[in-house]
Amino acid sequence: MNYILAILLPPLSIFLAGRVILGILIAPIWLLAIIFSGGLTHPMFVLLAWFVIFERRNAGLRD
């Protein structure tokens, strides 16, 4: 479910994956990037969110 949220709202997905500070820092950058680039940079933030979710999921499996 978090992967689908990463497509729509990457900062919120990062926040919910447990990276609270990163999610808060990425939110204004993402918003400005959406406004100024017209959405061209959105895939970069989606990939970042996917990597964070994947890392969090793999870290849980190693414990």
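The values are calculated or read from the model by the stated rules, or taken from the named source; none is laboratory data. Keep in mind that what you see is a predicted model, and the values were worked out from it rather than measured. Quick reminder, even Gly has a Cβ in these numbers, built from the backbone with ideal geometry, and neighbours come from all protein chains shown. Surface areas here come from the heavy atoms of the whole protein model, side chains and all, with no ligands, DNA or RNA. Shrake-Rupley method; radii C 1.70, N 1.55, O 1.52, S 1.80 Å.
How many residues are within 13 Å of residue 56 (Cα to Cα) and free of Cβ contacts under 8 Å to residues at least 12 places away in the same chain when one looks only at the stretch 4-14?
Count: 0.
Here are the criteria: (1) over 9 Å from the mean Cα position of the chain (by Cα); (2) surrounded by fewer than 13 Cβ atoms within 10 Å (Cβ to Cβ). Tell me which single one residue 56 does not satisfy.
(2)
Is it true that residue 27 is touching a Phe, Trp or Tyr at 6+ places or on another chain (Cβ under 9 Å), without any contact (Cβ under 8 Å) to a residue 40 or more places away in the chain and in a helix (DSSP H, G or I)?
Yes; evaluated as a whole, the condition is true for this residue.
Conditions first: (1) assigned to a helix (DSSP H, G or I); (2) touching a helix residue (DSSP H, G or I) at 6+ places or on another chain (Cβ under 8 Å); (3) not acidic (Asp, Glu). Residue 60 passes all but one, so which condition is the exception?
Going through the list (1) assigned to a helix (DSSP H, G or I); (2) touching a helix residue (DSSP H, G or I) at 6+ places or on another chain (Cβ under 8 Å); (3) not acidic (Asp, Glu), residue 60 breaks only (2).
Quick one: in the stretch 30-47, of everything that is within 19 Å of residue 57 (Cα to Cα) and free of Cβ contacts under 8 Å to residues at least 40 places away in the same chain, which residue is least open to solvent (accessible area, probe 1.4 Å)?
45
Could you tell me whether the stretch 22-29 includes any residue that is at positive phi and either more than 9 Å from the chain's Cα centre (by Cα) or at pLDDT 95 or above (or both)?
Among the residues of the stretch 22-29, not one is at positive phi and either more than 9 Å from the chain's Cα centre (by Cα) or at pLDDT 95 or above (or both), which makes the answer no.
Within the stretch 6-29, track down each residue that is aliphatic (A, V, I, L, M) and open to solvent by 30 Å² or more (accessible area, probe 1.4 Å).
7, 8, 9, 12, 16, 20, 21, 22, 24, 25, 27, 29
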